1. Taking neighbour Cβ counts within 10 Å as the exposure measure, how do 167, 252 sort from fewest upward?
2. Given R₀ = 41 Å, what would the calculated FRET efficiency be for residue 15 paired with residue 290, taking r from the Cβ atoms and rounding to 0.05?
3. Sort 125, 273, 199 so the one with the fewest other Cβ atoms within 10 Å of its own Cβ comes first.
4. Tell me, in nm to one decimal, what length is gained between residue 253 and residue 170 on full extension, where the rule is 0.36 nm per residue of separation less the Cα-Cα distance?
5. Please give, to one decimal in nm, the separation of the simple spin-label points placed at residue 163 and residue 279, each 7 Å out from Cα toward the Cβ.
6. If neighbour count is taken as other Cβ atoms inside 10 Å, put 96, 294, 51 in order from fewest to most.
């Protein structure tokens, strides 16, 4: 669902950027009051895992693929504020290092996948969990919330495209919504499976937000995250679908895919998750994924340290 440059007009790009920056500022301010120094690596690890998971496309129907966004997964594990920061870090690295999503469309992509999907999905999760307070309720809530996060993000994306004049609302709304209703099923299932696995191994993580109150072993979480993330890259990458994702498929079907522009940015060494000089596509994707995961981890780590430092300065003053 990464919108490329050329799909949005100036007013839409500016408006979505303002909304995104506002949401990020609020999330940072709220997170600053809850984050402990020992918990900073959790931000980086979560963002890295989501980055890797987003690389893995699964086939849907009609030559269209989908991939995990991970907004609800991050929100359930870390809380919505930390999830917004993690998703923003992922989208920043995807845009400026891998040319995945447009530079001018970055505000819209953060708004759709990093804010709307997080807050919308987490709201649905919270409502369902209030009625089914049990391990099974957590899994059911995460499945439906994961599905909903994809659908609501696609509706906002359709609205932005319609407001930009890229496609008429009466055409783009059903096209985007219908395909993402199906893609959302995959998002919900994957989210539910991860939550179920965590419940069997580390149930304390799901009792409250991991960032706020989890007191278990950080070392074990780091080890598990590294193992899972690396395994995804090494074992799943060779089998990912090469079909276009939902937005690409809709753009092609409606004929506005030609509006996409490749922006010449300074850092595009790993554009399209490739490595210059390396002809083996699978190995190149694995290497690019590992580097991307490291970049995302580093960015989230820096943000966490800045938050901690500001908190210390305010406390001392």
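Quick note: the coordinates plus some simple rules give every number you see, no bench work behind them. Treat the numbers as computed from the prediction; the structure is a model and nothing was measured. All Cβ positions, even for glycine, are placed from backbone atoms using ideal geometry, and neighbour counts span all protein chains on display.
1. 252, 167
2. According to the calculation, E is roughly 0.70.
3. Going from sparsest to densest Cβ surroundings: 199, 273, 125.
4. Going from the current span to full extension adds 28.4 nm.
5. Label-label distance for residue 163 and residue 279, simple model: 4.8 nm.
6. Details: 96 17, 294 14, 51 27.
Ascending number of Cβ neighbours within 10 Å: 294, 96, 51.
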